[in-house]
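Structure, as structure tokens:
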Amino acid sequence: MIRDGEPSFRESVDLMFNRAVRLMDLSPGLEQKIRVCNSTYTVRFGVRLRGKIETFTGYRSVHSEHMEPVKGGIRYALSVNQNEVEALAALMTYKCALVETPFGGSKGGLCIDPRAWDEHELELITRRFAYELIKRDLIHPAQNVPAPDMGTGEREMAWIADQYKRMNTTDINGNACVTGKPPHAGGIQGRVEATGRGVQYALQEFFRHPEDKAKAGLSGGLDGKRVIVQGLGNVGYHAAKFLSEEDGCRITAVIERDGALHNDAGLNIEDIRQWMLKQGSIKGYPSAAFVEDGTPLLEAECDILIPAALEGVIHMGNAARIKAPLIVEAANGPVTFGADEILREKGVVIIPDMYANAGGVTVSYFEWVKNLSHIRFGRMQRRAEEARSRLLVEELERLSADQGLGWTLSPDFKEKFLTGSDELALVRSGLDDTMRTAYQAMRAVWHTRDEVDDLRTAAYIVSIGRVAQSYRSKGL
Ligand code: GLU
């Protein structure tokens, strides 16, 4: 979505990159090497559907191979184009470096309206696209590992993994060629919720730092904060659900492509999602006010604005009117470069995309490691952990009885203490740790360098520094 006078998505990412490298001490050659996109493969392929041959255009762009495999989702949308795929691939490089997942950056896209085809047709199209990429090692456990993005999910990833394994029957690591697979087909618990869960952990970490909250003019905890969410797809839905059900946030508006719902008392996200799944739209939802044109709600009064849909939704045309003091970029590139400058002037704090939505690739990393180790997380330790906890509980109870102390452990404490960590608990723990650590790296730059007055520039400085280090150690 590019407006007049606004740089393209790719240019926006480069302008943000340039703003950060100006504050770094990189040789111009290395700076250029990191900025450019290494390669973009375009494929046009035909599939016989409904009695005729349909031609589709797809891309897989590799931004940086300082670490391999390279990583990034595959998007299905009619708006997919080379500029967008390259911008998203560049963001993947910086994202992976920021959250320390050992990957370079890549992204793929297919120009298709996934709603226009039925499941069987989508399988044929996906397998054919995968075939073209696998043939060129653009899907490969050691070289390029796709994942879901807009318009794709577990189902498509399962088809891609199966296609790879059909073409590489002796590759024992075949399952690691793609992440975001369903748990019964080599996936990992917690991958579907991961990006939304990461948004929640990012906000929890932000709210642990009073100075950071103060920069946005906020105080207190997440409880009772008014939140507006744009997009109730996988990311927006999970973020809004967890923030409202677990942290006490009040979701005052949900903006979707065909309208918006609002209620100052707070919306029930799970209820809305169920309605959407049944009706195919938020229209007609009985427990909130509906407006046909949801975009003005981006500018409504709230404490936290979470754009979780498309890129470029906050642009030079509406940035000045945004009232939220804190924006969390759950989508990739929702704020254009021009809008970013306006918002910074206004003192709005932006938790940038490369950090805020990194939960997806973080759990993808865990899935890839699981696939390569061929064992589920927790399988060896869980019962041993439980046995040690039981020893301690039994000893405490024995001491209490022997000494007549009359201590009793509450049943709730006992149950929690005696339950060993399963895969989901371990994935959430690893994700929480990743989000906290990455935030702290970013905020250290934000708070210690006078010239850095925003989290996005701080995030770029951290990740570009890491990519540069990796290139230097290769002798470049
Ligand atoms: N598509 C997601 C993103 O933009 C996930 C990428 C991945 O898991 O590799 O971060």
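The values are calculated or read from the model by the stated rules, or taken from the named source; none is laboratory data. All of these numbers come straight from a predicted model, not from anything done at the bench. In this analysis, Cβ positions are derived from the backbone assuming ideal geometry, glycine residues included, and neighbour counts consider all displayed protein chains.
Do we have any residue at all in the stretch 385-404 that's among the hydroxyl-bearing types (Ser, Thr, Tyr), free of Cβ contacts under 8 Å to residues at least 24 places away in the same chain and loosely packed, with under 11 Cβ neighbours inside 10 Å? No, every residue in the stretch 385-404 fails to be among the hydroxyl-bearing types (Ser, Thr, Tyr), free of Cβ contacts under 8 Å to residues at least 24 places away in the same chain and loosely packed, with under 11 Cβ neighbours inside 10 Å. Does the stretch 298-310 contain any residue that is modelled with pLDDT under 95 and closer than 17 Å to Gly196 by Cα? Checking the stretch 298-310: at least one residue is modelled with pLDDT under 95 and closer than 17 Å to Gly196 by Cα.
Rundown of residues vs (1) closer than 17 Å to Gly196 by Cα; (2) of a type in the set (Asp, Glu), yes/no style:
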position: Glu245; (1), (2): yes, yes
position: Asp258; (1), (2): no, yes
position: His262; (1), (2): no, no
position: Ile272; (1), (2): yes, no
position: Ser281; (1), (2): no, no
position: Ser287; (1), (2): no, no
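Conditions tested, residue by residue: (1) at pLDDT below 95; (2) under 23 Å from the mean Cα position of the chain (by Cα).
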| position | (1), (2) |
| --- | --- |
| Arg226 | no, yes |
| Gly236 | no, yes |
| Ile251 | no, yes |
| Val254 | no, yes |
| Arg257 | yes, yes |
| Leu261 | no, no |
| Asp264 | no, no |
| Trp275 | no, no |
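Of the numbered criteria (1) in a helix (DSSP H, G or I); (2) in contact with a Pro (Cβ under 9 Å, 6 or more places away or on another chain); (3) within 16 Å of the ligand (Cβ to nearest atom); (4) more than 17 Å from Gly105 (Cβ to Cβ), the one Thr152 fails is (1).
Screening the stretch 90-117 for residues that are away from the ligand (no atom under 12 Å from the Cβ) and not aliphatic (A, V, I, L, M) and picking the one that is farthest from Asn332 (Cα to Cα) gives Trp117. Apart from one condition, Glu123 fits all of (1) within 16 Å of the ligand (Cβ to nearest atom); (2) buried (at least 17 other Cβ atoms within 10 Å of the Cβ); (3) of a type outside the set (A, V, I, L, M); the exception is (1). Is at least one residue of the stretch 165-174 within 14 Å of the ligand (Cβ to nearest atom) and either surrounded by fewer than 16 Cβ atoms within 10 Å (Cβ to Cβ) or closer than 21 Å to Ser61 by Cα (or both)? No, because not a single residue in the stretch 165-174 is within 14 Å of the ligand (Cβ to nearest atom) and either surrounded by fewer than 16 Cβ atoms within 10 Å (Cβ to Cβ) or closer than 21 Å to Ser61 by Cα (or both). All conditions in (1) part of a helix (DSSP H, G or I); (2) within 16 Å of the ligand (Cβ to nearest atom); (3) buried (at least 23 other Cβ atoms within 10 Å of the Cβ) hold for Leu203, with the sole exception of (2).
Out of the residues in the stretch 175-186 that are in contact with a helix residue (DSSP H, G or I) (Cβ under 7 Å, 6 or more places away or on another chain) and surrounded by fewer than 24 Cβ atoms within 10 Å (Cβ to Cβ), state the one that is nearest to His140 (Cα to Cα). Steps first, answer last, please.
First pass over the stretch 175-186, keeping only residues in contact with a helix residue (DSSP H, G or I) (Cβ under 7 Å, 6 or more places away or on another chain): 175-182, 185-186.
Next, only the ones that are surrounded by fewer than 24 Cβ atoms within 10 Å (Cβ to Cβ) stay: 175, 182, 185-186.
On the way: Asn175: 10, Pro182: 18, Ala185: 17, Gly186: 15 Å.
My answer is Asn175.
Of all residues in the stretch 92-106, those that are under 20 Å from Leu455 (Cα atoms) and modelled with pLDDT of 95 or more have Cβ atoms under 7 Å from Cβ atoms of residues that are away from the ligand (no atom under 11 Å from the Cβ) and among the polar types (S, T, N, Q), 6 or more apart or on another chain, in Thr93/Ser64; Tyr94/Ser463; Ala97/Ser463; Leu98/Ser463; Val99/Thr434. Counting only helices (runs of 4 or more DSSP H) that sit wholly inside the stretch 337-422, those with at least 3 residues that are basic (Lys, Arg) are 382-403. Only strands (runs of 3 or more DSSP E) whose full extent lies in the stretch 1-115 are considered here, and the ones with at least 2 residues that are in contact with a strand residue (DSSP E or B) (Cβ under 9 Å, 6 or more places away or on another chain) and β-branched (Val, Ile, Thr) are 39-49, 52-64. For Asp137, the criteria (1) surrounded by fewer than 24 Cβ atoms within 10 Å (Cβ to Cβ); (2) outside any loop (DSSP other than H, G, I, E, B) hold in every case but one, which is (2).
Residues in the stretch 137-155 that are in contact (Cβ under 8 Å) with a residue 60 or more places away in the chain and farther than 13 Å from Cys177 by Cα: Asp149, Met150, Gly151, Thr152, Gly153. Among the residues examined, Arg75 does not qualify as more than 16 Å from Phe103 (Cα to Cα), more than 14 Å from the ligand (Cβ to nearest atom), at pLDDT 95 or above and out of contact with any Pro (no Cβ under 7 Å at 6 or more places or on another chain).
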